[in-house]
Each structure stands twice: as C-alpha cells, then as structure tokens.
1. If I ask for residues that are out of contact with any helix residue (DSSP H, G or I) (no Cβ under 6 Å at 6 or more places or on another chain), on the phi < 0 side of the Ramachandran plot and not in a helix (DSSP H, G or I), which ones from the stretch 140-160 would you list?
2. In the stretch 109-138, which residues are outside any helix (DSSP H, G or I) and within 23 Å of residue 34 (Cβ to Cβ)?
3. Which is touching a strand residue (DSSP E or B) at 6+ places or on another chain (Cβ under 6 Å), crowded, with 22+ Cβ neighbours inside 10 Å, closer than 16 Å to residue 81 by Cα and modelled with pLDDT of 95 or more, of 168, 186?
4. Hey, can you tell me all the residues within the stretch 212-228 that are under 19 Å from residue 253 (Cβ atoms) and buried (at least 17 other Cβ atoms within 10 Å of the Cβ)?
5. Just checking, which of 229, 250 is modelled with pLDDT of 95 or more and closer than 23 Å to residue 197 by Cβ?
6. For the structure I just gave you, tell me whether residue 42 is buried (at least 16 other Cβ atoms within 10 Å of the Cβ), touching a strand residue (DSSP E or B) at 6+ places or on another chain (Cβ under 8 Å) and closer than 24 Å to residue 155 by Cβ.
7. Let me spell it out: the conditions are (1) buried (at least 18 other Cβ atoms within 10 Å of the Cβ); (2) closer than 20 Å to residue 187 by Cβ; (3) without any contact (Cβ under 8 Å) to a residue 60 or more places away in the chain, and residue 56 meets all of them except one. Which number is the exception?
8. Any idea which of 85, 114 is within 21 Å of residue 198 (Cα to Cα) and either at pLDDT below 95 or touching a strand residue (DSSP E or B) at 6+ places or on another chain (Cβ under 8 Å) (or both)?
C-alpha cells in the first residue's frame with residue numbers, strides 16, 4: 001500500500017512507539033489521527049505536527065470511545081486505511097509473593113488494555129475498511145498490532161504482561177485469514193527492549209546493563225526503528241499474518 005494520502009489511526013500515538021510512527025507516516029504524506037487517553041501530550045503533539053494530524057482522546061478499554069475515534073477519523077479525513085495498535089501497559093507482579101497471590105484486578109487490566117483493547121480497535125477499524133475501494137495493490141487496509149518478545153520468553157514478574165502480549169501474537173494469523181478475502185492485511189510487531197516510557201523509570205545503570213544483553217546492536221531500540229518496520233509492513237503487500245520480532249537477536253533470560 002502506498003502511504004501517501006492514506007489515513008491512519010494510531011492508539012497510544014501521543015508518545016513512544018506510537019508517536020514515532022505518527023511522525024514517520026506524516027513525513028511520508030499520510031494523514032494521522034492519534035488516539036490516546038493523555039490529552040495534554042496528544043494535543044501538544046498535534047499542534048506541533050500540523051494540519052494532517054488530529055487528536056482524539058479515548059480510553060482503549062471503552063468500545064464506545066474507540067468507535068467514536070474511528071468515526072471521527074473518517075469524518076475528518078474521509079477514509080481509514082491503516083490502524084496501528086501501540087497502546088499498552090507493563091505491570092510487574094509475580095504469580096504469588098510474600099503478601100499473597102497476584103492482584104487479579106491488575107491481571108485483568110493488562111488483558112483489557114493490551115489484548116482486548118487491541119482486538120477492539122482492530123475489529124472496528126476492519127469493519128470501517130470494508131467500505132474502502134480496492135487500491136493499487138488490491139488492498140482495502142492494513143492493521144498493525146504490537147506484541148512483545150515477552151510473549152515468547154516472559155520473565156519473572158511478567159505473567160500479566162506476557163499473557164496479554166501472547167494473546168496479541170496468537171490472534172495475528174487468525175485475523176489475517178479472517179480478513180484476507182476483504183483485502184485487509186494484519187501483522188504484529190514484537191519489540192524487544194526499546195527506549196520508551198515503559199523504560200523511563202529505570203535508573204540509567206539498569207538501562208546500560210539491559211542494553212549489554214542485546215547481541216547486536218547492544219543498545220535499547222529506538223522508537224524510530226519500530227516506525228520503520230511499520231512503514232515496511234504497510235508498503236510490502238506480501239507481509240501478512242506475521243509476528244515480526246524487532247529485538248537485536250535478544251532472547252530474554254528468566255530475570
């Protein structure tokens with residue numbers, strides 16, 4: 001799919017991976033709606049990015065707000081061609097600890113945001129894409145979801161996060177097959193250690209130690225590199241139904 005003049009909605013688009021992707025798609029001539037629950041960051045970003053961008057405040061766990069954001073996107077820019085799921089949280093808690101079992105509400109919240117929120121935006125966006133005319137590649141749309149390498153090598157204390165991200169990885173091929181006849185492609189990016197807000201609270205020495213564990217390049221990933229892969233997925237029509245690791249050959253140890 002050619003990116004120029006296409007319209008994308010990006011959840012979690014006000015920061016991190018989503019922000020980097022919004023910037024890259026805009027630089028390539030797309031129109032972008034940023035869906036995020038942080039209106040301060042979202043509005044500031046749109047003010048910087050200019051006319052072909054817009055912000056819609058929404059809670060990814062509330063279907064009616066997600067639907068409103070999708071309707072807003074189509075009303076403002078006349079179409080919806082690309083949906084990218086970057087919204088997510090990374091809670092840390094062991095299955096059991098000295099104070100008791102894992103907080104079930106925390107587990108449910110990770111599932112609600114990371115997995116159900118991803119599926120909700122994807123399904124609603126796909127339904128809207130059905131009305132698109134087939135483009136030059138005989139496509140109606142592209143959906144990109146975000147998993148994590150923790151889906152495959154979840155570490156100690158990541159049971160909620162890893163489970164939610166494993167779900168995102170697992171739905172990829174099913175959704176791609178569901179939507180194949182409609183000309184809608186689905187891929188998932190599984191990042192490794194990236195320099196985003198999830199890492200922001202860690203001491204610098206911890207970040208340095210984490211970076212040393214990446215075989216090559218031995219550093220944290222840059223959100224721009226996620227955006228580069230998102231661009232390739234959109235532009236390369238043979239990429240479909242794939243979960244693509246973006247991790248510098250890292251395999252996570254238990255802790």
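The values are calculated or read from the model by the stated rules, or taken from the named source; none is laboratory data. What you see is a predicted model; the values in this text were computed from it and never measured. All Cβ positions, even for glycine, are placed from backbone atoms using ideal geometry, and neighbour counts span all protein chains on display.
1. Within the stretch 140-160, the first condition is being out of contact with any helix residue (DSSP H, G or I) (no Cβ under 6 Å at 6 or more places or on another chain), and the residues that meet it are 146, 149, 152-153, 155-157, 159.
After this cut, where a residue has to be on the phi < 0 side of the Ramachandran plot as well, the list is 146, 149, 152-153, 155-156, 159.
Selection gives 146, 152, 153, 155, 156.
2. Kept after step one, since they are outside any helix (DSSP H, G or I), are these residues of the stretch 109-138: 130-138.
Residues satisfying the conditions are 131, 132.
3. Result of the check over 168, 186: 186.
4. 214, 220, 221, listed by residue number.
5. Numbers: 250 fails: modelled with pLDDT of 95 or more.
One residue alone meets the criteria, 229.
6. Working: buried (at least 16 other Cβ atoms within 10 Å of the Cβ): yes; touching a strand residue (DSSP E or B) at 6+ places or on another chain (Cβ under 8 Å): yes; closer than 24 Å to residue 155 by Cβ: no.
It is false that residue 42 is buried (at least 16 other Cβ atoms within 10 Å of the Cβ), touching a strand residue (DSSP E or B) at 6+ places or on another chain (Cβ under 8 Å) and closer than 24 Å to residue 155 by Cβ.
7. Every listed condition holds for residue 56 apart from (2).
8. On the way: 114 fails: either at pLDDT below 95 or touching a strand residue (DSSP E or B) at 6+ places or on another chain (Cβ under 8 Å) (or both).
None of the other options fit; the residue is 85.
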